[in-house]
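Notes to accompany the following structure.
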Amino acid sequence: MSLIDGKASAAQVRARVAQGVAAFREKTGRAPGLAVVLVGEDPASSVYVRSKGKATLEAGMESFTHRLPADTDENTLLALIDQLNGDPRVDGILVQLPLPGHLDADKVIAEIDPAKDVDGFHVINAGRLSVGQDALVPCTPYGCIHLLKQQHGDLSGLHAVVVGRSNIVGKPMAQLLLSENATVTIAHSRTKDLPALVRQADIVVAAVGRAEMVKGDWIKPGATVIDVGINRLDPAPGEDKGRLVGDVAFAEAEPHAGAITPVPGGVGPMTIAMLLRNTLVAAHRREGLADPEGL
Ligand code: GUN
């Protein structure tokens, strides 16, 4: 069994992005810029937004963070997005999700210029991905594909079972696997006999958001397991905070798997790396330059 080291892969991608940023600055005389918008004070979102800003600066890019109060109305948020759409220093726009309940995420995402949609959530980017055109691809599934290609080289003909059908992970993950010539099955909460289906998989991508749902004896011997889940368990007696676990029961699955991502330290670090990559790619396309190589 090999442990897939997402931290190391993410560091490699980030180093390559930093080189690409330096080359972009040489060519254009400016740095790529990423704007991150946070509405409200959700503690987990605040941590993510801070680490995105820090990573952006570390890559040599400009970072613009906009923190708005939880009661911000829709028009104010849409006006900020319009302003960022029109700002030539901004190549990427990310609105941190989830938004407070009174705001409609679909409407907010639709306002983002697709050329700056570094989350890849706009329907234009989702559509481009599904028909095989150049898209900005959602960061987490893109990070998963990167890890899988590193592990396997070629994914042709392998049977991949994606557990979860969200617009953010499951659906784009399936599209990306298909474009790598994998045979893809999308499973979800209504799938009949999920264990039997997962047992057929050469590649399992677990993205359901349920702690340790995928059991060890569901894993075909030698399969590659990519765990997208980040779930916090209730604290055990004497613990201050519960442990972080994935959607896969790691200790059980590890002996069966050929390779597996840990939680934390697997898929998680890849998401920010790919956000930086997408920002660099968006900056190139906006300047009419060819996509940076090797990313
Ligand atoms: N919240 C949790 N993950 C993400 C992500 O990838 N993008 C955005 N915008 N919000 C998130």
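The values are calculated or read from the model by the stated rules, or taken from the named source; none is laboratory data. Note that the structure is predicted; figures quoted are calculated from it, not measured. So basically every Cβ, Gly included, is an ideal-geometry build from the backbone, and we count neighbours across all protein chains shown. To get the accessible areas, we keep the full protein, side chains included, count just its heavy atoms, and leave off ligands, DNA and RNA. Shrake-Rupley method; radii C 1.70, N 1.55, O 1.52, S 1.80 Å.
Structure summary
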quantity: Point-to-point label distance, ARG30-LEU178, nm (Cα→Cβ direction, 7 Å offset); calculated: 3.7 nm
quantity: Formal net charge of residues neighbouring ALA115 (Cβ-Cβ distance under 10 Å; K, R +1; D, E -1); calculated: 0
quantity: Net charge over other residues, Cβ less than 10 angstrom from the Cβ of LEU158 (K, R count +1; D, E count -1); calculated: -3
quantity: FRET efficiency estimate (nearest 0.05) - Cβ-Cβ, HIS188 to SER46, R0 30 angstrom; calculated: 0.45
quantity: Global form of region 174-261, assessed from the alpha-carbon gyration tensor, a/c cut-off 1.5; calculated: prolate
quantity: Rounded, prolate or oblate (a/c below 1.5 giving rounded, otherwise prolate when a/b exceeds b/c) for region 1-100 by Cα gyration tensor; calculated: oblate
quantity: Long-range Cα-Cα pairs in region 214-295 (distance over 17 Å), rounded percent; calculated: 61 percent
quantity: Per-residue [θ]222 nm for the chain (sum of -39500 (n - 2.57) over DSSP H runs n ≥ 4, rounded to 500); calculated: -12500 deg cm²/dmol
quantity: Accessible area per residue in Å² at 1.4 Å probe, computed on region 137-258; calculated: 47 Å²
quantity: Gain on full stretching of the segment that runs from HIS102 to ASP73 - 0.36 nm per residue minus C-alpha separation; calculated: 9.6 nm
quantity: Region 5-55 shape via C-alpha gyration tensor axes, a/c threshold 1.5; calculated: oblate
quantity: Mean separation of Cα contacts under 8 Å, 6 or more apart, over the residue count of the chain: relative contact order %; calculated: 21 percent
quantity: Full-stretch length increase - GLN133, ASP5 - with 0.36 nm per residue and alpha-carbon distance subtracted; calculated: 43.1 nm
quantity: Region 10-123, accessible surface, carbon-and-sulfur percent (1.4 angstrom probe); calculated: 53 percent
quantity: Sparse-neighbour loop sites [trypsin sites (Lys or Arg not before Pro); region 13-122; at most 15 other C-beta within 10 Å; DSSP]; calculated: ARG30, ARG89
quantity: Computed FRET value (nearest 0.05) for ALA18 with VAL123, which takes r as the C-beta separation and R₀ as 25 Å; calculated: 0.20
quantity: Hydrodynamic radius of the chain per Kirkwood, over alpha carbon pairs, in Å; calculated: 19.8 Å
quantity: Alpha-carbon centroid distance for the pair region 50-107 / region 181-218, whole angstrom; calculated: 34 Å
quantity: Charge tally in the Cβ shell below 13 Å around LEU177, where Lys, Arg are +1 and Asp, Glu are -1, LEU177 excluded; calculated: -1
